[in-house]
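*Asks:* Before anything else, here's the structure in question.
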Amino acid sequence: MGSFQQGLSGLNASAKSLQVIGNNIANSGTVGFKQSRAQFADVYANQVGIGTSVSTVNQKFTQGNVSSTSNSLDISIGGNGFFRMSDGESDAVSFTRNGQFQMDKDGFIVDAQNRNLTGYAADIDGVLQKGASVPLQINANDLRPNATTGVATKVNLDSREDALLTANFDPDDPETYHSTTAISVFDSLGNAHTLQNFYVKTADNVWDMYSTANGAFTTGHSAGTPTATLTYPPTGTGVEPTTAPAVITAGFAPGTGAAAVSVEFDLSESTQFGSSFSVNANSQDGFTSGQLASFNTGKDGQIIGRYTNGETKILGQVATATFTNMNGLTPLGGNAWSESSESGQPLVGEPGTGLLGALQSNSLEDSNIDLTEELVNMITAQRTYQANAQTIKTQDQILQTIVNLR
């Protein structure tokens, strides 16, 4: 009877192996699926042994191939790590490698089972709130305008110009100044205003700068009171003004219901060489309001929103998790696992740090199933099944011979 038991155990183990292989093949197209493998153990009650058993079915958490997509909410993990998901109703936490996400009607990032992707939220100014992971929600509100506070101008003033009488300066008369720069600045409501600087050479190496906003002189200035007087060195060893106010400030009332605008000018990188006037840089730190046009996830998990005004802002950061023993995770189905006493507690952090792999947006991780390997395994398991069936058949023939003895 021992041979019957041995053969039966072999049939059961081979059938279990075929089930595992069949499940792998069925999920070869499932995003983020990880290959399973049946492991066997021999069973001994005596020196001969009484068969085999399936000791465990574990999974191979190796990297699958990465495929590109056109969806910015498709995210893959390169290396170790799982997306941390939270059930919106029960708050149950699970972990997955399937990065097929979408946005629900409330702006939360969810998967096909309506589980929330978790990470670190960002406040209204785009500052991440590090700490416990929370469901990530995309704030689609307009980006608030930012009033201009500073203008940085890098110009070269032509030292070959003849001096002019500063008393004759008139912004409407090009004959009364040598050169000019203009830039759009913004008030507290996001309205744009044209801020213009005029440069008048009054003596060798000495220049007066006048400022107008929307065609009118800035507050406290006029044709006879320049915004600043710049003095350059005659030796050519310096390139910036050697004499200028520590802080060059100009202000104006926007007249749109917004707060008064006060701008600090940075001319420290301006030069006065014997070459034509040129503007090498002219920038300001304000912007108007903007609508969210798109967003993308970086390698570090930061979700960067891009607005119609050309600005960007951090909307949140995806957090990922890893485990000391990934094979100790409990499969939940739906491409998800939960922690267990064998897996240990999750180690949650920023992607790309420590043992956590970096993220890649507009891509998905394919299953790590090798169909060729699985088909070969299937043939082997089938042969093993047939061989065990043959041992039962042979034992049956032996017993039949004994029964037929006369």
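The values are calculated or read from the model by the stated rules, or taken from the named source; none is laboratory data. What you see is a predicted model; the values in this text were computed from it and never measured. Cβ coordinates were reconstructed from backbone atoms using ideal geometry, including for glycine residues, and neighbour counts include every protein chain displayed. All accessible areas refer to the heavy atoms of the entire protein, side chains included, with ligands and DNA or RNA removed. Shrake-Rupley method; radii C 1.70, N 1.55, O 1.52, S 1.80 Å.
*Asks:* What are the principal axis extents of the Cα atoms in segment 52-110, in Å, biggest first?
*Replies:* Answer, in whole Å and largest first: 53, 33, 16 Å.
*Asks:* Follow-up question, since we're still on this one. Quick check: from the Cα gyration tensor, does segment 1-100 come out rounded (a/c under 1.5), prolate or oblate? Mind dumping the intermediate values first?
*Replies:* On the way: a/c = 3.42, a/b = 2.58, b/c = 1.33.
Prolate shape, in that a/c is at least 1.5 and a/b is the bigger ratio.
*Asks:* Please work out the C-alpha center-to-center distance from segment 9-68 to segment 332-368 and express it in whole Å.
*Replies:* Here the answer is 22 Å between Cα centres.
*Asks:* Another question, if that's okay. On the accessible surface of the chain, probed at 1.4 Å, how many percent belong to carbon and sulfur atoms?
*Replies:* That fraction is 50 percent.
*Asks:* Let me ask something additional. Based on Cβ point charges of +1 for Lys and Arg and -1 for Asp and Glu, what charge dipole magnitude is obtained for the chain about its Cα centre, in debye rounded to the nearest 20?
*Replies:* 2540
*Asks:* I need the per residue convex hull volume for segment 336-377, using only the alpha carbons, in cubic angstrom as a whole number.
*Replies:* Convex hull volume per residue, Cα atoms: 147 Å³.
*Asks:* Taking the chain, how many lysine pairs are there with alpha carbons less than 19 Å apart, if each pair must be eight or more places apart or span two chains?
*Replies:* Lysine pairs meeting both conditions in the chain amount to 7.
*Asks:* Taking Cα pairs under 8 Å and at least six residues apart, what relative contact order does segment 120-205 come out at, in percent?
*Replies:* Result for segment 120-205 is 26 percent.
*Asks:* So with the 1.4 Å probe, I'd like the accessible area per residue for segment 333-406, rounded to whole Å².
*Replies:* 63
*Asks:* Follow-up. Give the Rg/Rh ratio for the chain, taking Rg as the radius of gyration of the Cα atoms and Rh as the Kirkwood radius, to two decimals.
*Replies:* When Rh is taken as the Kirkwood radius, the ratio is 1.33.
*Asks:* For the chain, build the charge dipole from Cβ charges (+1 Lys, Arg; -1 Asp, Glu) around the Cα centre, then report which of Val54, Leu355, Ile75 sits farthest towards its positive end.
*Replies:* Of the options given, the answer is Val54.
*Asks:* Using per-residue counts of other Cβ atoms within 10 Å, averaged over each peptide, order 180-192, 72-84 from highest down.
*Replies:* The packing order, highest mean first, is 72-84, 180-192.
*Asks:* Additional query: With the Cα gyration tensor of segment 55-175 in hand, convert its eigenvalues to equivalent ellipsoid semi-axes via √(5λ) and list them largest first in whole Å. Could you put the intermediate results ahead of the total?
*Replies:* On the way: eigenvalues 637, 80, 36 Å².
Semi-axes, largest first: 56, 20, 13 Å.
*Asks:* Is the shape of segment 145-303 rounded, prolate or oblate, going by the alpha carbon gyration tensor and its root eigenvalues a ≥ b ≥ c, with a/c under 1.5 for rounded and a/b larger than b/c for prolate?
*Replies:* oblate
*Asks:* Another question about this same structure. Using helices alone, I'd like the mean residue ellipticity at 222 nm for the chain: each DSSP H run of four-plus residues gives -39500 (n - 2.57), total over residue count, nearest 500.
*Replies:* -5000 deg cm²/dmol
*Asks:* What is the mean projected area of the alpha carbon convex hull for segment 87-237, to one decimal in square nanometres?
*Replies:* 15.9
*Asks:* Measure off 7 Å from each Cα along the Cα-to-Cβ vector at Ser338 and Lys299, then give the distance between these two points in nanometres to one decimal.
*Replies:* Placing both labels 7 Å beyond Cα along the Cβ direction yields 3.6 nm.
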